[in-house]
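> I'd like to ask you about the structure that follows.
The values are calculated or read from the model by the stated rules, or taken from the named source; none is laboratory data. Fair warning: this is a prediction, and the values are worked out from it, not measured in the lab. Neighbour counts are summed over all protein chains in view; Cβ atoms, including those assigned to glycine, are modelled from backbone coordinates with ideal geometry. With ligands, DNA and RNA removed, areas are computed over all heavy atoms of the protein, side chains included. Shrake-Rupley method; radii C 1.70, N 1.55, O 1.52, S 1.80 Å.
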Amino acid sequence: MPTPSPTPSGTQSPGYGTGVDGFINALNAQLGKPYVLGGNGPDYFDCSGLVYYCLKQVGVNVGRLSAAGYSGYNGWECITNYNDLRRGDLIFYHNDSGAITHVAVYLGNGYYIHASSSQGCVCISDFGYWSQTHFSCGRRVFN
């Protein structure tokens, strides 16, 4: 698996801002766009493609990985308890076999944004029972 290296990207979009606020702005701008497996944007996304695209918009270029690939990136602080999540943290979910299969971004106040295969688009969901029981870990990209 390739190791991501956070380097400034020349494709930063000035309209979104920087840091966690710019990241959330970039994510919100994608709401309603269709879910397509392997989608990297800007017209359609899968879950890790959404993270890749929006991080790149704010100058964080870590390369395109799967949800499991991003979850294993040790350059970002690991969050082991969902109660410790902060706005902008990446959230990783596991399936019933324990494999990490999904990534989302915590918005705060019990909500997250993600490219959802079941909803068919980029949407906001609440951090309810499914999220709590399938939470694997989080990663803090922005301190």
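> Would you be able to tell me the number of residues in region 106-143 that are open to solvent by less than 20 Å² (accessible area, probe 1.4 Å) and of a type in the set (Phe, Trp, Tyr)?
Total satisfying the criteria: 1.
> A further question on this structure: Tell me which residues, restricted to region 67-101, are polar (S, T, N, Q), touching a residue at least 24 places away in the same chain (Cβ under 8 Å) and within 23 Å of Ser117 (Cα to Cα).
As a first pass, look at region 67-101 and keep what is polar (S, T, N, Q): 71, 74, 80-81, 83, 95, 97, 101.
So of that shortlist, the ones also touching a residue at least 24 places away in the same chain (Cβ under 8 Å) come out as 71, 80, 95, 101.
Within region 67-101, Ser71, Asn95, Thr101 qualify.
> Of the conditions (1) open to solvent by 50 Å² or more (accessible area, probe 1.4 Å); (2) farther than 13 Å from Leu31 by Cα; (3) not hydroxyl-bearing (Ser, Thr, Tyr), Val103 clears all except one; give me its number.
The single condition Val103 does not satisfy is (1).
> Next question. Looking at Phe135, Phe127, Phe142, which one is over 17 Å from Tyr82 (Cβ atoms) and touching a residue at least 40 places away in the same chain (Cβ under 8 Å)?
Phe142
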